[in-house]
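The values are calculated or read from the model by the stated rules, or taken from the named source; none is laboratory data. The structure presented is a predicted model; accordingly, all values stated were derived computationally and were not measured. Here the Cβ positions follow ideal geometry from the backbone for every residue, glycine too, while neighbour counts run over all protein chains shown.
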Amino acid sequence: MRFLVPSLLLILAAMSIPSEADAQQARAQTRAALTPIRYTLTFPAPHTHYIEVEAQVPTDRHPVVELDMAVWTPGSYLVREYARNVEQVTAESGGKSLGITKTLKNRWRIETGGAPEIVVRYRVYGREMTVRTNFVDADFALLNGAPTFLTLAGDRGPRPHEVTLQLPANWKTSISSLPDAPGGAAHRYRAPDYDTLVDSPIVAGNPAIYTFTVQGVPHFIVNAGEGGIWDGQKTVDDVKKIVETIAGFWGTVPYEKYVFFNLITEANGGLEHKNACTLMTSRWKARTRRGYVDWITLVSHEFFHAWNVKRLRPAELGPFDYDRENPTRSLWVAEGLTSYYGDLLAARAGVISRDEYLGELASLIAELQSTPGRLSMPVEDASFDAWIRYYRPDENSPNVSISYYTKGAVVGFLLDIEIRRATNSGKSLDDVMRLAWQRYSGPRGFTPDEFRSLVSEVAGQDLGAWLQQALASTTELDYSNVSWLGLRIRNDSPPTARPWLGLTLTGAAPTLKNDGGRLVVAQVRRGSPAYDAGVNVDDEILAIDDYRVRPEGWEARLDAYRPGDRVRLLVARRERISPIDVAFVPEPARVTRIEPDQAADAASRERLATWLKP
Ligand SMILES: [Zn+2]
């Protein structure tokens, strides 16, 4: 009985609601109690593309521990099987080698013999030049967490992961958004947990580094491969304007430092992280205005993600299961709205002009409206199936699916107009994003229903039916309200309609992808004359109406026909020659421009100005 009182106290204490400060302290204590995994990375022969990893792994004296490697990395929704680049995994303790067995495609089981700590060594091959993989050569290394680090399986708590790099003699620098490890040694970083490790790329080599400060917070631009072509200093002002505008949009800077990794490697792509982003670009891109607009809007897109998706996120996107797909219906918010705001905020920041911005918007609308898959797949379904469709495209993809980037951005634009109309310009999609930030940037994220409700709440009226149609149906989007914003969309048809079959061909303009001088069908648009007549992907077109046609002559040859003309194509399919009869139709009109309507009234013109510069 004498233990009753203390037990009761304990129970009462457990029942009281801990404050956030208590919870933070508890987390900090747990963290302090957990021994870090310590990795040392070396590059004895970087020209062979290998990273040598040595990991000191605490075992808590368990007789058996299991290590695993992620199969994918957040932000890039495809199972990539990173473990296929891992080799020669060994384990030892006190100089004695330990039994090790591979038990799953990405998992290793080690018998520790009761040792409190074991040393695990392995090699990682990295020569895939993308933002979500590793790349190592004589010049530099891009290291991503997911494809590099084995960690304790099932141990996804606050265990620190410490990384030390030993650089080749001719590499001067490494940089990461990770905090430096205690002790101040160079090239040593400490992630508070595995999630942070995965989310924090490291670049090593001799990059040019530029810094600037916004709201007292340091930002770094890390350019690998400027090569005397890319003018790094010239981009700093524009990137800073983007940072100021986006931080101003959200009203808060949620990180202590931020790193833009800009790898000038003739590759392309971007990947967001909580405190960094990785961009890949051609060094010639900044030499043309068109290329520069592409690059600076990519910067804006990836940076907007530091809020939207990295902190304000769909409930399904965290905590992550690194062993399998993590599908969500909300990528139209995470990616689509980021695409909408990436471009719009670049215009608001003044780094692209109004007309350049409207050009970006017109291409999104044109792409959506010329993709037959928009009539087949709702954007929420496209999001859910990202893992098996968007990231695994084939020649039939445009016929059956739609990009949640493209449709999500266009839905964002039209939704923004709906909210502005509903509130007589009192509120906008900007307010939805900021309220979502306040409400859902915590540990749980938002569900599709919660995000939809929030839109109606801000609009002050039920937009549920509008959202249901835009997100969960294949009904065509209605663009008529763009006039409320003083804009008009132009569907320009050429003065004389060009004859059209619905084919995309390799070798012919405008793709001009060389296929050994052959005119080969790369894609057949569903519902087009070629589709209905039975022209197939991989057919080689040899002749039209008994006369040879070559890739460079295809476009000119079409000029000889009119919509309605019937022709006989001669095609080679699996080496067999056969004729296919087909009739041309007029080439469908495409959205070519979205522009201020000169006939718009003063109120619409003012709304347009406010939208572009609130
Ligand atoms: Zn994105």
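In contact (Cβ under 8 Å) with a residue 24 or more places away in the chain and within 34 Å of the chain's Cα centre (by Cα) - does that describe any residue in segment 577-588?
yes
Can you tell which of E335, E367 is of a type in the set (D, E, K, R), within 15 Å of the ligand (Cβ to nearest atom) and crowded, with 20+ Cβ neighbours inside 10 Å?
E335
Please work out which residue is farthest from the ligand (Cβ to nearest atom), limiting yourself to segment 292-305 and to residues that are free of Cβ contacts under 8 Å to residues at least 60 places away in the same chain and closer than 30 Å to Y194 by Cβ.
Checking each candidate, the answer is S300.
Consider G227 against the criteria (1) within 20 Å of L612 (Cβ to Cβ); (2) at pLDDT below 95: it satisfies all of them except one. Which criterion is unmet?
Checking G227 against (1) within 20 Å of L612 (Cβ to Cβ); (2) at pLDDT below 95, the one that fails is (1).
Given the residues Y340, Y390, Y357, which is the only one that is part of a loop (DSSP other than H, G, I, E, B) and modelled with pLDDT of 95 or more?
Y390
Can you tell me which residue in segment 259-298 is surrounded by the most Cβ atoms within 10 Å (Cβ to Cβ), limited to those that are among the β-branched types (V, I, T) and more than 12 Å from the chain's Cα centre (by Cα)?
Selected residue: V259.
Of all residues being within 24 Å of L178 (Cα to Cα) and among the aliphatic types (A, V, I, L, M) in segment 261-291, which is nearest to the ligand (Cβ to nearest atom)? Just the residue, please.
Result: L271.
Within segment 84-117, which residues are among the polar types (S, T, N, Q), within 39 Å of the chain's Cα centre (by Cα) and under 14 Å from E54 (Cβ atoms)?
Q88, T90
Could you list all residues from segment 338-355 that are within 16 Å of the ligand (Cβ to nearest atom) and either among the β-branched types (V, I, T) or under 20 Å from T447 (Cβ atoms) (or both)?
Correct list: T338 only.
Return yes or no: is S441 among the polar types (S, T, N, Q) and without any contact (Cβ under 8 Å) to a residue 12 or more places away in the chain?
No.
Among the residues of segment 77-107, which ones are of a type in the set (S, T, Y) and not in a strand (DSSP E or B)?
Listed by number, the residues that qualify are Y77, Y82.
Here are A141, A153: which of them is in contact (Cβ under 8 Å) with a residue 24 or more places away in the chain, among the hydrophobic types (A, V, I, L, M, F, W, C) and surrounded by fewer than 22 Cβ atoms within 10 Å (Cβ to Cβ)?
A153
Go through segment 522-559 residue by residue and tally those that are surrounded by fewer than 14 Cβ atoms within 10 Å (Cβ to Cβ) and among the hydroxyl-bearing types (S, T, Y).
Residues meeting the conditions: 1.
Quick one: what pairs do we get from segment 337-356, first residue polar (S, T, N, Q), second within 14 Å of the ligand (Cβ to nearest atom), C-beta under 6 Å, 6+ apart or different chains?
Within 6 Å, the pairs are T338/H301; T338/F304; T338/H305; T338/N308; S339/Y405; S339/A409.
Please list, ordered by first then second residue, the pairs with beta carbon atoms under 7 Å, 6 or more apart or interchain, first in segment 256-273 and in the same structural domain as V236 (by TED's automatic domain parsing), second within 11 Å of the ligand (Cβ to nearest atom) and charged (D, E, K, R).
G270/E302; E272/E302; E272/K310; H273/K310
So how many residues does segment 402-425 have that are part of a loop (DSSP other than H, G, I, E, B) and in contact (Cβ under 8 Å) with a residue 24 or more places away in the chain?
4
May I ask you to list pairs of residues, at least six apart or on different chains, whose Cβ atoms are under 6 Å apart, with the first in segment 389-400 being touching a residue at least 40 places away in the same chain (Cβ under 8 Å) and the second being in a loop (DSSP other than H, G, I, E, B) and of a type in the set (A, V, I, L, M, F, W, C)?
Qualifying pairs under 6 Å: Y391/L78; E395/V537.
Only one of L312, L317 is within 16 Å of the ligand (Cβ to nearest atom), surrounded by 20 or more Cβ atoms within 10 Å (Cβ to Cβ) and not assigned by TED's automatic domain parsing to the domain that holds V455; which?
L312
Any residue that is more than 26 Å from P319 (Cα to Cα) and of a type outside the set (D, E) - is there at least one of those in segment 141-151?
Within segment 141-151, one or more residues are more than 26 Å from P319 (Cα to Cα) and of a type outside the set (D, E).
What single numbered condition from (1) assigned to a loop (DSSP other than H, G, I, E, B); (2) modelled with pLDDT of 95 or more fails to hold for G517?
Every condition holds for G517 apart from (2).
Which of the residues belonging to segment 73-100 are more than 16 Å from the ligand (Cβ to nearest atom) and either at pLDDT below 95 or at positive phi (or both)?
Matches in segment 73-100: E81, Q88, G94, G95.
Matching residues to (1) assigned to a strand (DSSP E or B); (2) crowded, with 20+ Cβ neighbours inside 10 Å:
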site	(1), (2)
G442	no, no
D449	no, no
E457	no, no
D462	no, no
W466	no, yes
L471	no, yes
E476	no, no
R488	yes, no
N491	yes, no
